[in-house]
Amino acid sequence: MGEFEPSIIAFTCAWCGYPSAVLAGVNRIEYPAGVNIVRVMCTGMIEPSYVMRALEYGADGVVIVGCLMEHCHYLVGNKRAQERADMIRPLLEMMGLGAGRLRTEWINASERVKFAAAMNDFSAALKKLGPNPLGDCGDGGQGTADGRGSGP
């Protein structure tokens, strides 16, 4: 069995987070293959349930990547995301997962090197934490979008 490679869900805003990830790829700046990017219009739309569901389905960590703090295209979306992340971390500690499984990064669209460095750093931190103790507790995608099971 090989070395543990963390699975990371990266929620990236469409204006800064996602373009920085694209530029990192275009410029062949390496970051872990376990980073799975989910583009959202604004980090302010990321509900706490999105983070919890990602961990429930087996992600080892979740990172929220958005615009620099005073430069949100939707004015306060990144501040809302930071407040929610700060609210979720104690819950992760209480559950025994560790607050280190959730990270926020505020990056300009052109900061491709910073994006890659943040992903590499987060992956290294997750390697120290080890695999998500929940494993994959989800229903394997068999449920409906509103979280109800697929059965009657």
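The residue list G17, G44, G34 contains one member that is of a type in the set (G, A, S) and free of Cβ contacts under 8 Å to residues at least 60 places away in the same chain, which is G44.
The residue of the stretch 116-149 that is surrounded by the fewest Cβ atoms within 10 Å (Cβ to Cβ), among those that are polar (S, T, N, Q) and at pLDDT 80 or above, is N120. Scanning the stretch 106-115 for residues being surrounded by fewer than 21 Cβ atoms within 10 Å (Cβ to Cβ) and not in a loop (DSSP other than H, G, I, E, B) gives a total of 2.
Given the criterion within 20 Å of L126 (Cα to Cα), at pLDDT 95 or above, out of contact with any Phe, Trp or Tyr (no Cβ under 8 Å at 6 or more places or on another chain) and of a type in the set (D, E, K, R), identify the matching residue among E3, E83, E30.
Selected residue: E30, the only one of E3, E83, E30 that is within 20 Å of L126 (Cα to Cα), at pLDDT 95 or above, out of contact with any Phe, Trp or Tyr (no Cβ under 8 Å at 6 or more places or on another chain) and of a type in the set (D, E, K, R).
Within the stretch 47-63, the set of residues being charged (D, E, K, R) and either in contact with a Phe, Trp or Tyr (Cβ under 9 Å, 6 or more places away or on another chain) or touching a residue at least 60 places away in the same chain (Cβ under 8 Å) (or both) comprises R53, E56, D60.
The values are calculated or read from the model by the stated rules, or taken from the named source; none is laboratory data. Note that the structure is a prediction, hence the values are computed from the model and not measured. We place every Cβ from the backbone using ideal geometry, glycine too, and count neighbours over all the protein chains shown.
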